[in-house]
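The values are calculated or read from the model by the stated rules, or taken from the named source; none is laboratory data. The structure presented is a predicted model; accordingly, all values stated were derived computationally and were not measured. Neighbour counts are summed over all protein chains in view; Cβ atoms, including those assigned to glycine, are modelled from backbone coordinates with ideal geometry.
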Amino acid sequence: MSPSLEDSASSLVQAPDRAIYDLTGSLRPFYAKFLADLDLPVQPEKFESDVLMKAVLEFAATTGVPHHPKSRSYGALMLGNSYADNCLPYHDLEVKVFVAIYTWLAILCDDAPEAGTVPALESFQQLWLEGKEQPTIILRAFANQLRLSYKLYHPLVANLIVSSSLNFVTAIAVGDRQGIQRKLAHPSRGGDGFCWYMRARDGDGEAYAWLGYPNSQFPNLDTPIEAMEDMSRCFDLVNDVLS
């Protein structure tokens, strides 16, 4: 290979790395200021972490969804546990377990393209509305988790959690289509808002914004509702960066 071709090939290989580096450099000051303004403690507060872990593992066992140690599923379960433990330390134990399990199952649903189970996602909402059994054990567990939201949240809040969750599942299936993937990479003229349209659905931000407001502790949904749009976007965008 001639030197000029070698240089060209090298630049092609390094271009994504440079782009990531440039993006990191651009975002670092923004996120550093954002975290400083939040004035969070260096170590997240935790409350009865061992109790939560025990309860999460016990609940996970009832779902029938495999979660062997060192598996992807177990890692997702631990992520759900950490989120509930760190972000909702003083919420009721039942709520923290719900959020941990919800997070675990949502991550596994998000893995559908790699698992080859996207066709099952396409029928999830229809089967859920008709009260019929889902085709996979993960989707059966997720369907049950959505129903459980009505036990812990105000009916209207549960509606919003469920609608966001249904959009999330649908968006995973939509996003797996080759034509959609091409549009996400190269939006058509006039389609500049398409990427955000998809992210607002496959990010599940609205569900997470509301998951912190169970009926037992926050019975009046009028109080937090004005912040929901900003909170939803924050969840979606932070999730994008951390992903």
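Tell me which residues, restricted to the range 109-141, are of a type outside the set (Asp, Glu) and within 14 Å of Asp176 (Cα to Cα).
Matches in the range 109-141: Cys109, Ala112, Pro113, Ala115, Gly116, Thr117, Val118, Pro119, Ala120, Leu121.
How many residues, within the range 131-171, are of a type outside the set (Gly, Ala, Ser), in a helix (DSSP H, G or I) and more than 21 Å from Thr63 (Cα to Cα)? Walk me through it before giving the result.
Filtering the range 131-171 down to residues of a type outside the set (Gly, Ala, Ser) leaves 132-140, 142, 144-148, 150-157, 159-162, 166-170.
Right, trim to in a helix (DSSP H, G or I) and you get 137-140, 142, 144-148, 150-152, 155-157, 159-162, 166-170.
Within this subset, residues satisfying the condition of being more than 21 Å from Thr63 (Cα to Cα) are 155-157, 159-160, 167, 170.
Here the count works out to 7.
Just to check your reading of the model, which residue among Arg182, Arg199 is of a type in the set (D, E, K, R), more than 21 Å from Ala100 (Cα to Cα) and buried (at least 17 other Cβ atoms within 10 Å of the Cβ)?
Working: Arg182 fails: buried (at least 17 other Cβ atoms within 10 Å of the Cβ).
Checking each option against the conditions leaves just Arg199.
Is it true that Ala76 is at pLDDT 80 or above, under 20 Å from Leu146 (Cα atoms) and not β-branched (Val, Ile, Thr)?
The answer is yes for Ala76.
State all residues of the range 149-179 that are surrounded by fewer than 17 Cβ atoms within 10 Å (Cβ to Cβ) and over 25 Å from Cys195 (Cβ atoms); if no residue qualifies, say none.
Tyr150, Lys151, Pro155, Leu156, Asn159
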